1. With respect to B:Phe150, determine if the residue is more than 21 Å from B:Glu96 (Cβ to Cβ) and either out of contact with any Asp or Glu (no Cβ under 7 Å at 6 or more places or on another chain) or within 13 Å of another protein chain (Cβ to nearest Cβ) (or both).
2. If B:Ser149 passes every condition in (1) within 27 Å of A:Met110 (Cα to Cα); (2) modelled with pLDDT of 80 or more but one, which one does it miss?
3. Can you name the residue in the range B:155-181 that is among the polar types (S, T, N, Q) and modelled with pLDDT of 85 or more and is also nearest to A:His57 (Cα to Cα) among such residues?
4. Given the range B:157-248, what strands (runs of 3 or more DSSP E) lie entirely inside it while holding 3 or more residues that are within 12 Å of another protein chain (Cβ to nearest Cβ)?
5. Looking at (1) away from every other protein chain (no Cβ under 12 Å); (2) crowded, with 19+ Cβ neighbours inside 10 Å; (3) at pLDDT below 85; (4) over 14 Å from B:Asp215 (Cα atoms), which is the one condition that is false for B:Arg119?
6. Answer yes if at least one residue in the range B:461-478 is at pLDDT below 90, in a helix (DSSP H, G or I) and under 22 Å from B:Ser266 (Cα atoms), and no otherwise.
7. On the basis of being part of a helix (DSSP H, G or I) and in contact (Cβ under 8 Å) with a residue 40 or more places away in the chain, does B:Ser510 make the cut?
8. In this structure, is B:Val660 buried (at least 16 other Cβ atoms within 10 Å of the Cβ) and assigned to a strand (DSSP E or B)?
Amino acid sequence: MNRHLPIVVGVALLTSLGPWDLGVRVSASGDARQIVAEAQRRSEAKSQRYEGLLRSHEASGKVTEKRWTLERLGSHGQSKSVIRFVTPAEVKGVALLVVNHTDRASDQWMWTPAIERDRRIANQDRSTRFFGTDFSFEDLEERDVDQFSYELLGEDVIDGVACWKVQTTPKETKTSQYTSSVVWIRKDNYASARLESYIKEQPVRRLNYGDLRNLQGIWTAHVLTMTDLKRGSHTTLTLERVQYNVDLQEGNFTLQAIRR
Amino acid sequence: MWILLRLIGWQYARKHLLRTVLTSAGVVLGVAVLVGMHTANETVLLAFSKTIDRIAGKTELQISAGDAGFDEEILEKVQSARSVRIAVPAIEAIVESNLSGQGSLMILGIDMTGDRGLRDYDLEQGDEAEIDDPLIFLAQPDSLILAKSFAQRNRLEVGSRLTLGTAEGPKTFVVRGLMKSESGLASAFSGNMAVMDIYAAQKMFGRGRTFDRIDLAMQPGTTLVECQRELRGLLGPAFEIQPPSGRGQQFETMLAGYSLMMDMASGFALFIGMFIIYNAFAIAVSQRRTEIGILRALGATQRQIRNLFLCEGAVLGLVGSVAGVASGMLAARSIAAWIGRLLSSVYGVAQRADELATDPKTLLLALGLGLATSVIAAILPARDAARLDPVHALQKGSAQAYSTSENRLRVWAAAALATLAAGSLIFSSSRLVFYLGYASAIGAALLAGPLCSRLLSSALRPLLQWLRPVEGALAADSLIQAPRRTSGSVAALMLSVALVVAFSGMGQASYQSIDDWMNTTLDPDLFVMPSPNLDVQTTRFPSTMGPELAALPGVSRVQTLRNTRVTFRDTPIMVVAIETGSLEKTAHLPPVQGDERQMYRLAAEGKGVLVSDTLALLQGLRLGEQLEIAAPHGTLSLPIVGIVIDYSDQQGAVILDRSVFLKYWHDDTVNAYRVYTTGDRAAIRQRILDQYAGQRQVFVLTNEELKQYISRIAGQWFSLTSVQIAVAVLVAILGIVNTLTVSITDRRKELGVLRAVGALHAQIKHTIWIEAMSIAAIGLTLGIGLGSVNLFYVLEMVKRDIAGMRLNYQLPVGTILTLVPVMLGAGLLAALWPARAAVRGSLVEALEYE
């Protein structure tokens, strides 16, 4: 069984879909883990590339738009990703390198071409907003399945589709801004339908997965909407030209490479 | 007692209202100076500490390594500490706003990705806050967030452009966000505050890959001490780890010297006030002998009489103190504004003190001191009043002469104190002994004052008689026969003049020393600097400029200067790094201690350091002693190979070779280049400016311009001396006015008799004028004598406790010559009204007086 659970977002990973034995007993925590592990297995790919359109809708009504390209290499939990901003002109060339690790939090660096400087995004800063969007830096991380405990809360219907409702709680060894998260996994294809993150008892962020399409055998959500429940703002990431298992070089996922 | 006070004391005060007011003026002035200066100090410190708090936000600890900064990699170490919840880097830079009347702008460089865990910029909450786009802000190095108040003052809004001076020359910045005016950070420095990305700030202000400091918040449940201990273990001794409030230490250190000098001035004012009160009370006792006699005849006890006068003293002191506190508070705001401007050199941005900080302890102390001064001054007259025999008291006549036994006692006491003062000089290495000696010297002068005054009056008599046979003789006799009447005034004058002489001598010697130092040390023809303001060193040059400057035609030598403030024995001192080998060839000042040739050679080889004389004196350092300074890359431990005169910093300086600095600080940036030329200086200056035009912000000051700048700064610091001198002169004038007013009232009968036997109004007026000027002349003479002693002690205080400056003893002849007409003029001026009053009253009433 794959050990890693990517419950996210910027890299649009939880998009797998597959048949599920609806007769399975769903109250045991082991089953909950099985569900998410299966969901992950179905989204497995050696690499991924897409172009993203990021629209941030402030509570005041102000909308900002940015485009990026994402390349991801490697399996869940051990992957490396590079996000490069393309527009607007002021942010063109700004890049973010995310290197996930199985045993610790990911390393993240940002490259700013105008000052020719890279900066490390410290672990302590992962809870801050990702460049004014409603995602946080932590939301870009892939999570190690062993660092969470799971509980199947029951079943629910999202957009008319039956889902399992699984609560994930970080273990003591895992640092996270979130106290817990609840993920809705579609019973029909094991794709994620919704992810809600909590701080203490309070839901703080909600991610909805929409426009689900099967690409190269992987169910992929093409519109991800993250809502900041405190601020009342939301950000929509629209995925375009999504490709899996493309030929990507390991050398492109280094600090030196993003400086190019 | 209250009945006596109301029926007798109050009636007397009401009858002699002007005299009462004048009597309490000394206390008013002393208390006012004390309250004004301390309140102003506290106000400025409060304003600065508020600014520090506003900038610090929720920061619990700050990590710094002097003002040199430290490598970026330290941040990760700090972030990895178990006790640290959040740690963010910061850079501070001062830039000219280039906006009319707006002065400088404090730029705080921070990492926007994590900084909001500590600081609230109030950018996104509420309708008023605006920010364009966080990613654009980070991606564009010209991004700036301004305080909304500053933006509104200058009609700037999001998207506006603003040109600021940077290490790379003037750069246009774009306002990409506004901080709410009332938010913590935006209100620091009265809104002259801007935020930019720290990595852009590094580039803009030539900081390389260094941070100025790290601000951090601790994990919940961790104590400050635990966190400090863990971080000290991680980072080593070169790093200061202290709460934000610790940053106020530098101001406090700077203000400490000021406070000491002002305390001295207010102490003198109170002391002088004491003599004025004593004088007034002594005369009042004499005038009220009949009244005392009646009270005693009616059964009043000695104790009641003594307490009556003591209570009068207490009431006078209390009223004077309250008036002094009120005046001090009124003056505090102006003084605070002045100190704020002076201390802006630390941050480079003027700190406006909007809220007056009143410390109840200071006010109570001032009230207590004022009260005590007045009561102490009233003790002797009260004792004399209590001892008056009712029979003698009811007899007509006055008692203004000292008894022989009283005189003898004074002379012996004066001699004993003078001997003690002289003896204490032998053991003056002890602070206590030194100050005891100082007090003894003042005490001896005060005790010997009446005798000296009488001798001088006798000596003056022939001269006065020669000048005006009748009026001169009358005036001189009045002084000789009634020394008690004038002794207090003469003592007050003597102290005032002594204070003026000492402070003026100190100021003159300080100027002279700084001037000598500038002429011998600051000898390069040109100084190339990244900022026109010498105090602001937040922008630095790269080391690559050195060879470029050296290659310019007409440049014969370039020296690289890097200075940074570090903490040594809990005191902020300056480290000056320069090529000591090159310095040897240009330095002309012989060392205070050490072999001139050897010390530069050893320093150049990295085998020793030079220290300034000020540092050696303040910290008790000796030649050959091993000096240890904790630096970011190890503890520098080198012997002191020379002690030199250097006034780079108030708290002292360590001068070391640049190679040593590079080794221990890993910082090759430069604060200034010292350029020696062989050709036309103006042409070379222009060549340098042309070389860097558009690439780098460069200011080239000529030798004269730099010296003028330093002189101006020194002038600002020493302007306090003028305030002290003004206080002393004012107190002196008060003393004369008081004495004469009292004297005229006391001599109404005597003056009435003179008028009755045919003395002209003019003759009486002239007598009083001559008497007043004689008092001024005697006070002046004695004051100059005491001042010459006082100057010695003040110079020692400056050396030991204030600035560590070894100043040459030199009497301020110019000031003394100025004091002669000022004091004689003040005497004459003070006599005008009493002289008019003396001839204006009814002759019958005057003859019936007493």
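1. Details: more than 21 Å from B:Glu96 (Cβ to Cβ): no; either out of contact with any Asp or Glu (no Cβ under 7 Å at 6 or more places or on another chain) or within 13 Å of another protein chain (Cβ to nearest Cβ) (or both): yes.
The answer is no for B:Phe150.
2. (1)
3. Checking each candidate, the answer is B:Ser160.
4. Details: elements: B:161-166, B:169-179, B:193-197, B:213-218, B:240-242.
Correct list: B:169-179, B:213-218.
5. The single condition B:Arg119 does not satisfy is (4).
6. No, the range B:461-478 contains no residue that is at pLDDT below 90, in a helix (DSSP H, G or I) and under 22 Å from B:Ser266 (Cα atoms).
7. Taking the combined requirement at face value, the residue satisfies it.
8. Here the answer is no, as B:Val660 does not meet what is asked.
The values are calculated or read from the model by the stated rules, or taken from the named source; none is laboratory data. Bear in mind that the values here come from a model prediction, so they are computed numbers and not experimental data. Glycine also receives a Cβ, built like all others from the backbone with ideal geometry; neighbour counts cover every protein chain displayed.
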